[in-house]
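Enquirer: Below are the structure tokens for one structure; questions will follow.
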Amino acid sequence: MNLEDIKTIKGLLSTQQKIVIVPHKNPDGDAIGSTLALWHYLSNKGQKATIVAPNDYPKFLKWMPGNQKIVNFEKQNSLAKRSIEEATIIFTLDFNHLGRIGQMQELLEASNSTFVMIDHHQAPADYAKIMYSDVEMSSTCEMVYNFIEFLDDLDTITPDMANCLYTGIMTDTGSFKFSSTSSRTHRVVGHLIDKGANNTEIHNKIYDTNTPNRLHLLGCALRNMTILNEYSTAYITLSQEELDAFNYQKGDTEGFVNYGLTLAGVRFAVIFIENKEEGIIKISFRSEGDFSVNKFARNHFNGGGHDNAAGGRSDISMLETTAYFESLLPQYKTSLNA
Ligand code: 5GP
Ligand code: MN
């Protein structure tokens, strides 16, 4: 963030504002952690702030302090609408174009409030007056920590804020192992533990909440895995019938895509998950090394994300989607085997 922007933000926050904080659709640990931490920070400063999430999110994220204050746009539509319409500042966190917030897009586009973007994805769109965008960052939570530091307020971090920020950094870095994890990331989480983040408890609450159904769904996913050695690629499919058979709950498939990458020699892993209600196949892409799944998702599946973790979607059937996917691989053969 440049000095000018920091000055502008300081000026804005020195008077009473009506603030709305928005994470992306299908929010993950980083999206929920960062919006809640910012919400605690602004509320403690005396600001009126409301988090409006485009839709629901997994149960394993709902223990975070302040969670009950999050307004769900789908379930509490009139309250959500009113907050957005009255907002003088809208913070958008963990995404960088308004197509990532589903049904909320129109309302935000119509808003005359000051937009502040805090985000670490590639190719930011140009809708925010204040853009704190940095693809080198491990997570939006690390950026919210920096944001608080820019405002000279690190000493105001409470245990609640520390727990939220720790959670998002942990989930977005695959527990501090992805290449986006810097020494600075470790210093930040160290400081968060000093400030009251309960690291062991957070790990348990996020990762040790399996149900028998989820483990059986994982078994099904792993049996469905197709390994294409020629392209160093592995992909998984899950149909709606399979999800239903294991009483799928939001978040149950989180992390499944990573199993492909644990195969020796595999550098590109994909999961295709059918969503009959939305009439789409939701896709997650992961890679190791130089193969950019962000570009792949952007070019072929109407998506995007980071170089090593991205998402997208397909509007055709599962069989057609995987056939199309396989048909794309030959043109990437050299980079996949590099
Ligand atoms: P996931 O596969 O865990 O849903 O997402 C991986 C990364 O890609 C996340 O950073 C997420 O924000 C981003 N992402 C997921 N789906 C989409 C999408 O449809 N469009 C874009 N632009 N990014 C996505
Ligand atoms: Mn993130």
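The values are calculated or read from the model by the stated rules, or taken from the named source; none is laboratory data. Keep in mind that this is a model prediction, so the values were computed, not measured. Here the Cβ is made from the backbone with ideal geometry for all residues, glycine too, and neighbour counts use every protein chain on show. Heavy atoms of the whole protein, side chains included, go into the accessibility calculation; ligands, DNA and RNA do not. Shrake-Rupley method; radii C 1.70, N 1.55, O 1.52, S 1.80 Å.
Enquirer: With a point put 7 Å past each Cα toward its Cβ, work out how far D155 is from L228 in nm, to one decimal.
Expert: Once both label points are built, they end up 5.7 nm from each other.
Enquirer: Please list K75, K45, K59 from largest to smallest accessible area, probe radius 1.4 Å, with all protein chains kept in place.
Expert: K59, K75, K45
Enquirer: I would also like to ask the following. What FRET efficiency do you get for K333 and T15 if R0 is 51 Å and r is their Cβ-Cβ distance, rounded to the nearest 0.05?
Expert: In this case the efficiency is close to 0.30.
Enquirer: Now a separate question. Please compute, over every Cα-Cα pair in the stretch 96-173, the percentage with a separation greater than 16 angstrom.
Expert: Of the Cα pairs, 59 percent sit more than 16 Å apart.
Enquirer: What is the mean projected area of the alpha carbon convex hull for the stretch 1-146, to one decimal in square nanometres?
Expert: Averaging across all directions leaves 8.0 nm² for the Cα convex hull.
Enquirer: With Kirkwood's inverse mean 1/r over C-alpha pairs for Rh, give me the Rg to Rh ratio of the stretch 123-250, two decimals please.
Expert: 1.08
Enquirer: Give the Debye-formula value of log10 I(q)/I(0) at each listed q (0.06 Å⁻¹), with one equal scatterer per alpha carbon of the chain, two decimals each.
Expert: For the chain at q = 0.06 Å⁻¹, log10 I(q)/I(0) is -0.21.
Enquirer: Shifting gears a bit: Starting from the Cα of K45, step 7 Å along the direction of its Cβ; do the same at A245; then give the gap between the two resulting points in nm.
Expert: About 5.2 nm separates the two model spin labels.
Enquirer: Hand me the tally of lysine pairs in the stretch 5-135: alpha carbons under 20 angstrom apart, and the pair either on different chains or 8 or more positions apart.
Expert: Summing the qualifying lysine pairs gives 24.
Enquirer: Still on this structure, please answer the following. Just name one of V257, F291, P212: the one whose Cα is farthest towards the positive end of the charge dipole of the chain (beta-carbon charges, Lys/Arg +1, Asp/Glu -1).
Expert: P212
Enquirer: Hey, another quick one. Count neighbours as other Cβ atoms within 10 Å of each site's Cβ, and list the GluC sites (Glu not before Pro) in the stretch 116-174 that are DSSP loop with at most 14 such neighbours.
Expert: Hits after loop and neighbour filter: E136.
Enquirer: In addition: At a 1.4 Å probe radius, which order do W39, W63 fall into by accessible area, largest first?
Expert: W63, W39
Enquirer: Is there a quick way to get the dipole size of the chain? I mean about its Cα centre, with the Cβ of Lys and Arg at +1 and of Asp and Glu at -1; what is the value in debye to the nearest 20?
Expert: The dipole of the chain has a size of about 360 debye.
Enquirer: Cα extents of the stretch 246-334 along the three principal axes, largest first, in whole Å?
Expert: Per principal axis, max minus min of the Cα coordinates gives 38, 25, 21 Å.
Enquirer: Among Y231, Y166, Y145, whose mean-square fluctuation peaks in a Gaussian network model of the chain (Cα, cutoff 10 Å)?
Expert: Y231
Enquirer: In bins 5 Å wide, starting from 0, what share of all Cα pairs of the stretch 1-45 does each bin hold, as a percent?
Expert: Reading upward from the zero bin: 5, 18, 21, 22, 20, 10, 3.
Enquirer: For Y127, Y259, Y57, write out the residues from largest to smallest accessible area, computed with a 1.4 angstrom probe and no ligands counted.
Expert: Y259, Y127, Y57
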